[in-house]
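See structure below.
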């Protein structure tokens, strides 16, 4: 019969806490604020054709103040050919109110916001470090941001892993 008693003489040692791993948590770079999608499809004639006069009237009469301090994604969900100037016109109407306007869907917006945050990082701080890019977060981090973080870490880090410090997937190790 195996001995199931705990050995109380030896302290429990947390190897994860004492390791040299640096956890890189992408959710730390999430920008707080409301995200809104502006779809111009309803402003199209029969939701498919842009008629300039009618479109400009919609833009003129729209309540742009509702987007105050919001991050806005601007797109058209209709399978229609929309002239570039139409998106520019809407963007210029949003600009005095919105925190930021991007062309694309909400995923594109989120990616852009994360990219802006990543650009502010001094990546040299990870020189010769063993970095774990955390895989679990409370906010949805676009896959493109995981790729970007890995690419930005590679020139500096000694190794890059993905996951949690207690369970990682090795991705890169610099040759010695």
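The values are calculated or read from the model by the stated rules, or taken from the named source; none is laboratory data. The model shown is predicted, which means the values in this text are computed figures rather than measured ones. Neighbour counts are summed over all protein chains in view; Cβ atoms, including those assigned to glycine, are modelled from backbone coordinates with ideal geometry.
Out of 101, 132, 147, I need the residue that is surrounded by 14 or more Cβ atoms within 10 Å (Cβ to Cβ) and more than 20 Å from residue 32 (Cβ to Cβ). Which one?
Of 101, 132, 147, the one residue that is surrounded by 14 or more Cβ atoms within 10 Å (Cβ to Cβ) and more than 20 Å from residue 32 (Cβ to Cβ) is 132.
Would you mind stating whether residue 91 is surrounded by fewer than 19 Cβ atoms within 10 Å (Cβ to Cβ) and more than 30 Å from residue 59 (Cα to Cα)?
no
How about segment 150-176: which of its residues are surrounded by fewer than 18 Cβ atoms within 10 Å (Cβ to Cβ), in contact with a helix residue (DSSP H, G or I) (Cβ under 8 Å, 6 or more places away or on another chain) and assigned to a helix (DSSP H, G or I)?
152
How many residues are in contact (Cβ under 8 Å) with a residue 40 or more places away in the chain and either within 20 Å of residue 158 (Cβ to Cβ) or part of a loop (DSSP other than H, G, I, E, B) (or both) when one looks only at segment 129-145?
10
Might you check whether a residue that is outside the structural domain of residue 158 (by TED's automatic domain parsing), crowded, with 17+ Cβ neighbours inside 10 Å and in a helix (DSSP H, G or I) occurs anywhere in segment 70-78?
Within segment 70-78 (the criterion being outside the structural domain of residue 158 (by TED's automatic domain parsing), crowded, with 17+ Cβ neighbours inside 10 Å and in a helix (DSSP H, G or I)), the answer is no, since none of the residues qualifies.
Out of the residues in segment 17-32 meeting the condition of being surrounded by fewer than 13 Cβ atoms within 10 Å (Cβ to Cβ) and part of a loop (DSSP other than H, G, I, E, B), tell me which one is modelled with the highest pLDDT.
Looking at residues that are surrounded by fewer than 13 Cβ atoms within 10 Å (Cβ to Cβ) and part of a loop (DSSP other than H, G, I, E, B), I get 32.
State all residues of segment 103-128 that are more than 13 Å from the chain's Cα centre (by Cα) and outside any loop (DSSP other than H, G, I, E, B); if no residue qualifies, say none.
Selection gives 103, 123, 124, 125, 126.
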